[in-house]
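Taken together, the values in this text are just the output of simple stated rules run on the coordinates, not laboratory data. Values in this document were obtained by computation on a predicted structure and should not be read as measured data. Positions of Cβ are generated from backbone atoms using ideal geometry, with glycine treated the same way; all protein chains shown enter the neighbour counts.
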Amino acid sequence: MSPAPVYPVVWRDGHVLLIDQTRLPAEFAVVEIKYLEDMVRAIRTMIVRGAPAIGVAAAYGMVLGAREINTSERNEFLRQLEGVAQQLRATRPTAVNLFWAIERMLKTARQTIGSVDHLQTVLLDLAQVIAADDLQTCQSIGSHGLKALPSQPQQLRILTHCNAGALATAGYGTALGVVRSAWQAGRLERVYADETRPRLQGAKLTTWECVQEGIPVTLITDGMAAHCMKRGLIDAVVVGADRIASNGDTANKIGTYSVALIAQAHGIPFFVAAPLSTIDFQLPDGSKIPIEERDPVEVYQVGNTVLCPAGVEFYNPAFDVTPAALISAIITEHGAFSPSQLQTNLYNLQA
Ligand code: MRU
C-alpha cells in the first residue's frame with residue numbers, strides 16, 4: 001500500500017488545518033487555525049515552516065483576516081486588509097514566498113470589482129489556487145530534478161540539509177520532491193539527512209518523511225558531511241531555498257553554505273530545488289537577503305538540557321547565503337538552470 005500523502009496546510013470548513021511541525025516526530029498532531037492571530041503565531045513559532053508552506057499559510061491567513069474585517073465598504077476593507085498583510089509580513093523575514101503570496105492576495109483584492117463578500121470569496125479561491133499550484137509545482141520540480149541528477153551511478157546517494165519536503169510545501173516537497181522522484185524511478189539508493197542544528201529539521205522532519213515513505217535514510221550530524229563525502233558516500237547534494245537572488249545566490253537553512261563548500265571541494269554536484277516563487281528578482285545578489293535571527297535558546301538548549309555554562313554569548317542566524325558559484329543548477333518547475341541563466345529564462349514567467 002502506498003503511504004498517505006502529507007499535506008501540511010489544508011483549508012477545511014472555513015478554517016485551516018496545520019500539521020504541528022514542532023511536535024514531530026514524537027507526535028502527529030493537527031492544529032485548527034480559525035483566526036488571523038493564530039496563523040500569525042503558527043508561522044512565527046514554526047508550527048508551519050518551510051518557504052512554500054509559509055507562503056500557502058500566509059495566503060490562508062489573508063483569507064482569515066479578510067473574514068474578520070467588519071465593514072461592507074470596499075475602500076475601508078482594502079485599507080484594513082493592508083493591516084492584515086502587515087501582521088503576516090512581520091512573522092518571518094527570509095523566505096520570500098511569504099511576501100510573494102501576500103502581495104498576490106493584495107493585488108487581486110485591489111483589482112477585483114464588487115462587494116466585500118465577493119472580495120472575500122475571491123481571496124479564498126486564490127489561496128486555494130496558490131496551494132494547488134504549489135503541489136503541482138513541486139511535482140514538476142521532482143521530474144526536472146530527476147533529469148538533472150548525475151547519470152552515474154545508477155543508484156544515487158543524495159545528501160540533503162534541513163527539510164525541504166512535503167512538510168515544507170503544499171505537499172511532495174522541493175529537494176525531497178527530487179528525492180521522491182528519484183526513489184520512484186528506481187534511481188535512489190539512500191538519503192543522507194544532515195541533522196540541521198539548531199532546530200533539527202533534518203533529524204526530526206526529513207527522516208520522518210523518508211520513514212513514512214519507506215525511503216532508506218541515514219541521519220548524520222552536520223559535522224559529518226565532509227567525512228561522508230571524502231569516503232565516497234555521497235553522489236549529489238540537493239537542498240531547498242528560502243530566497244534566491246537574480247544572480248542565483250541562495251539563502252537556505254543555516255549550514256547550507258558549508259555543505260556547498262565541501263561539495264565543491266569533493267567535486268560533488270550541488271543542486272538547489274525551488275519554485276519560481278522563491279526567486280526574488282528585485283535583488284541583484286544575495287548580499288541584501290534579510291537573515292532571520294532567532295531566539296538563542298535554540299542554540300544553548302536541546303529539549304530540557306542546557307548545553308553550556310552561564311556567561312556564554314550566542315549568535316543564532318537561521319539562514320545563510322550560498323554563492324551562485326557553488327551551485328551546479330537550480331531546479332525549478334520550468335526546468336533546471338545554471339544560476340547565470342535564471343534571469344533570461346524565468347524573469348518573464350513570474351506570477
Ligand atoms: O526555518 P525553516 O524550517 O522554515 O527553514 C526551512 C528551510 O530552510 C528550507 O530548506 C526551505 O524553506 C525550503 S523548503 C521547500
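The slack in the chain from Q264 to Q343, taken as 0.36 nm per residue of separation less the alpha-carbon distance, amounts to 26.1 nm.
Return the FRET efficiency for the residue pair K107, E27: r is the Cβ-Cβ distance, R0 is 51 Å, and the value is rounded to the nearest 0.05. According to the calculation, E is roughly 0.85. Annotation: Cα Rg of the chain relative to the compact-globule expectation 2.2 N^0.38 Å equals 0.98. Partner lysines whose Cα lies under 22 Å from the Cα of K204, excluding those fewer than 8 positions away in the same chain, are identified as K253.
Using a Gaussian network model of the chain whose springs link C-alpha atoms within less than 10 Å, name the residue from Y35, Y60, Y192 with the highest mean-square fluctuation. Judging by the Gaussian network model, the answer is Y35. Antiparallel DSSP bridges in the chain: what percent, to the nearest 5? Bridges in the chain are about 50 percent antiparallel. Just check the stretch 235-291 against the gyration tensor rule for me: Cα atoms, a ≥ b ≥ c as the square roots of the eigenvalues, rounded for a/c under 1.5, and otherwise prolate or oblate depending on whether a/b exceeds b/c. Judged from the Cα gyration tensor, the stretch 235-291 comes out prolate (a/c at least 1.5, a/b above b/c).
Summary of packing: across the peptides 244-252, 213-221, the per-residue average of other C-beta atoms within 10 Å ranks them, highest first, as 244-252, 213-221.
Only helices reaching 18 angstrom along their own axis (Cα) with mean Kyte-Doolittle hydropathy no lower than -0.5 count here, and for the DSSP H runs of the chain these are 51-68, 96-111, 116-148.
What is the stretch 142-288 by shape, rounded, prolate or oblate, if you read a ≥ b ≥ c off the alpha carbon gyration tensor as root eigenvalues and call it rounded for a/c under 1.5, prolate for a/b larger than b/c, and oblate otherwise? Since a/c stays below 1.5, the shape of the stretch 142-288 is classed as rounded. When +1 charges are put on Lys and Arg Cβ atoms and -1 charges on Asp and Glu Cβ atoms, the dipole computed for the chain relative to its Cα centre reaches about 480 debye. Using bins of 10 Å that start at zero, the share of Cα-Cα pairs per bin across the stretch 71-184 amounts to 12, 33, 25, 17, 9, 3, 0, in whole %. Mind running the shape call on the stretch 202-247? Use the C-alpha gyration tensor, a ≥ b ≥ c as the square roots of the eigenvalues: rounded below 1.5 for a/c, prolate if a/b tops b/c, oblate otherwise. Oblate is the answer for the stretch 202-247, as a/c is 1.5 or above yet b/c matches or exceeds a/b. Packing around the peptides 80-87, 257-264, taken as the average count of other Cβ atoms within 10 Å per residue, puts them in this order, highest first: 257-264, 80-87. What is the sum of charges around M62, taking Lys and Arg as +1, Asp and Glu as -1, for the other residues whose C-beta is under 15 Å from the C-beta of M62? Neighbourhood net charge equals +1.
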